[in-house]
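Participant: Here it is, the structure, as structure tokens.
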Amino acid sequence: MNIEEILALKDNAKIIEKICKDTVDRDIATWQDQYDGKHAILNRPDKIKGLGKNAIKVPVAKIVLTYQKKITDFRKAFLFGKPVIFKLNNKTPENQIAFDMILDILKKNKMDFFRRKLAEKVYIESHVAELWYITPDKEVKVLLLSYENGDLLYPHFNDYGDMDGFARKYKTTTVDDKTVEHVDLYTKDRFYYYSDKGQGYVSDEIPNLIGKIPVIYYPAPSKKPIWFPVQSSITTLESRESKHDDTNDYFGNPLLLLFGAPKAMPEKGEVGKLLQFDEVLIDGKTQHGGAEYLTWDESPESIKLQMESLRNNIFTLTSTANLGFDNIKGLGKVAAETVYFMLLDSIIACKNDEEIFGEGILREINLIKAIIGNIVDVVSGKNYVVKKDILDELDISIEFGNIIPKDAVNTIKSISQALGGEAFMSQESAVKANPMIENAEEEIKNLEAEKQEVKKLGESYEP
């Protein structure tokens with residue numbers, strides 16, 4: 001059933017019933033609690049020692065392990081730790097002006113930071129969306145739609161798998177503290193606004209001047225949070241760690257086990273302390289009394305092995321590199337190639353994620369092109385003249401950044417050796433690649449001026 005057929009029902013309640021239907025079971029509130037550290041281990045009951053009036057509560061350990069946040073933050077940093085690079089592949093003066101307009105809109109919306117938050121919510125909530133809109137001041141802005149921000153998301157796809165409508169359900173509060181439920185439905189032709197103040201939905205609609213649905217939808221392929229495959233391992237490990245902590249508290253301080261009654265206890269500060277015991281009768285035999293410390297030398301090997309296995313599974317099954325200090329302290333200086341292979345599993349996982357986010361970013365570019373091209377007033381008052389056909393012909397590609405440090409020295413040596421020591425980089429490129437230089441263009445001018453000065457000095461010198 002496509003969106004036009006649903007809208008043809010004419011009954012607001014039936015339209016919303018058809019649209020606001022999620023075929024995926026999403027327990028987003030629970031997933032957010034898992035990320036925030038509100039875990040089931042916190043509900044572990046304390047022990048009760050004694051009976052009746054003599055009963056006392058003995059607190060037990062409740063160790064929360066926030067692997068969910070660790071996994072999410074790691075993947076987010078790998079994906080968007082470095083800004084996405086946009087490239088114009090068909091440069092002309094007119095195309096460059098249009099391209100700069102798009103980059104200016106992205107910059108004003110702080111999209112480098114926006115994408116990190118967007119990725120975080122995808123990894124937690126399993127789907128989010130970005131809504132592009134135009135302010136009364138005719139600025140192009142973007143809004144993150146997520147469960148955390150109070151939104152329920154309902155994309156609608158036609159029989160061919162294309163999104164032909166998108167609904168957003170949310171609530172607002174009036175000045176007299178009444179709750180109003182809203183459903184905003186976006187199609188390529190019109191925007192439909194439904195609201196219910198308790199007496200049924202009323203609707204309003206306006207034409208869509210953009211010509212595209214102004215929403216970019218980002219679903220997680222698994223339809224679950226990123227840590228879902230290891231959630232049971234995290235729960236089990238928290239239980240084991242907490243019980244292990246209780247055991248350490250109980251056995252951590254040694255107990256003195258006495259066999260028989262001592263004649264006298266040594267005084268505090270006495271040098272060469274000595275315990276003397278009377279003889280005792282054990283099983284009908286007379287034996288000397290004595291004392292020894294009761295200690296717990298080590299936990300059972302099977303428990304230690306299980307805890308280590310759980311930790312490894314958590315990192316491995318989520319493609320998260322375990323870069324804790326204990327794991328890298330003995331590595332010394334490591335080549336960039338070695339670092340790359342150490343992180344290869346995480347790199348592959350991020351490459352898979354690029355399929356979702358890369359497609360979304362390219363749709364984002366096409367949507368901004370449609371906004372600029374179809375709503376002329378958006379760029380009024382600015383010194384830009386852009387025709388719609390120029391926007392349509394823009395060939396823009398993207399490249400995801402890489403947070404892995406590069407071994408530039410060894411790379412340059414290898415290239416130089418391959419070329420037999422011949423120069424392989426212009427001075428301008430070298431200056432621009434130098435991380436110690438802040439303004440490459442200014443530095444190039446200064447170098448050129450110095451060259452001219454040296455040349456003049458050489459010409460003026462007469463031997």
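Participant: Test of understanding: ordering ARG26, ARG115, ARG190 by Cβ neighbours within 10 Å, fewest first, what list do you get?
Facilitator: ARG190, ARG26, ARG115
Participant: Neighbouring Cβ atoms within 10 Å as the yardstick, rank THR23, THR320 fewest first.
Facilitator: Details: THR23 6, THR320 23.
So the ranking, lowest neighbour count to highest, is THR23, THR320.
Participant: List the residues whose amide H sits under 5 Å from the amide H of TYR147, counting only those 5 or more places along or on another chain, with H placed 1.01 Å from N in the peptide plane.
Facilitator: Those qualifying (amide H under 5 Å, at least 5 residues apart or on another chain) number zero.
Participant: Mind checking the dipole of the range 103-197: about its Cα centre, +1 per Lys or Arg Cβ, -1 per Asp or Glu Cβ, Debye to the nearest 20? Mind dumping the intermediate values first?
Facilitator: Numbers: 16 positive and 18 negative charges, 69 e Å.
Value, rounded to 20: 340 debye.
Participant: Something else about it: For the range 18-33, in order, what is each residue's ³J(HN,Hα) by Karplus, 6.51 cos²θ - 1.76 cosθ + 1.60 with θ = phi - 60°, in whole Hz (x at glycine and Pro)?
Facilitator: Taking θ as phi minus 60°, the curve returns 6, 6, 7, 9, 9, 7, 9, 7, 10, 9, 5, 4, 5, 5, 5, 4 Hz for the range 18-33.
Participant: Given ASN90, PHE114, PRO59, which one lies farthest toward the positive end of the charge dipole of the range 40-128, if we put +1 on the Cβ of every Lys and Arg and -1 on the Cβ of every Asp and Glu?
Facilitator: Result: PRO59.
Participant: Using packing as a proxy for protection, rank 206-218, 439-451 so that the peptide with the highest average count of other Cβ atoms within 10 Å comes first.
Facilitator: Put in order of decreasing packing, that is 206-218, 439-451.
Participant: Another question about this same structure. Please compare each pair in LYS169/LYS387; LYS138/LYS212; LYS18/LYS351 to a cut-off of 29 Å on the Cα-Cα distance and tell me which ones are over it.
Facilitator: Exceeds cut-off: LYS169/LYS387; LYS18/LYS351.
Participant: With a/c under 1.5 counting as rounded, go ahead and sort the range 104-224 into rounded, prolate or oblate using the C-alpha gyration tensor (a ≥ b ≥ c being the square roots of the eigenvalues; past the cut-off, prolate if a/b is larger than b/c, else oblate).
Facilitator: rounded
Participant: Taking the Cα centre of the range 32-74 as origin, work out the dipole magnitude from +1 charges on Lys and Arg Cβ and -1 charges on Asp and Glu Cβ, in debye rounded to 20.
Facilitator: Values: 9 positive and 4 negative charges, 70 e Å.
Computed about the Cα centre, the dipole is about 340 debye.
Participant: Same structure, new question: Check which residues have an amide H placed less than 5 Å from ILE63's amide H, if you skip close sequence neighbours.
Facilitator: For ILE63, whose amide H was placed from the backbone, the distant partners under 5 Å are SER242.
Participant: While we're looking at this one, here's another question. State whether the range 7-89 is rounded, prolate or oblate according to the following rule on the C-alpha gyration tensor (a ≥ b ≥ c being the square roots of its eigenvalues): a/c under 1.5 gives rounded; otherwise a/b larger than b/c gives prolate, and the remaining case gives oblate.
Facilitator: oblate
Participant: Still on this structure, I have one more. Amide H of ASP164 versus every other amide H placed in the peptide plane: which residues, excluding those fewer than 5 positions away on the same chain, fall under 5 Å?
Facilitator: The list, which skips near neighbours in sequence, is HIS156, PHE157, ASN158.
Participant: Got a sec to turn the phi values of the range 347-354 into Karplus ³J(HN,Hα) couplings, 6.51 cos²θ - 1.76 cosθ + 1.60 with θ = phi - 60°, whole Hz, x for Gly and Pro?
Facilitator: Residue by residue, the range 347-354 yields 5, 4, 4, 5, 4, 5, 5, 4 Hz.
Computed from the coordinates by the stated procedures, all read-outs in this text should not be read as laboratory data. Note that the structure is a prediction, hence the values are computed from the model and not measured. Backbone-built Cβ (ideal geometry, glycine too); neighbour counts: all protein chains shown.
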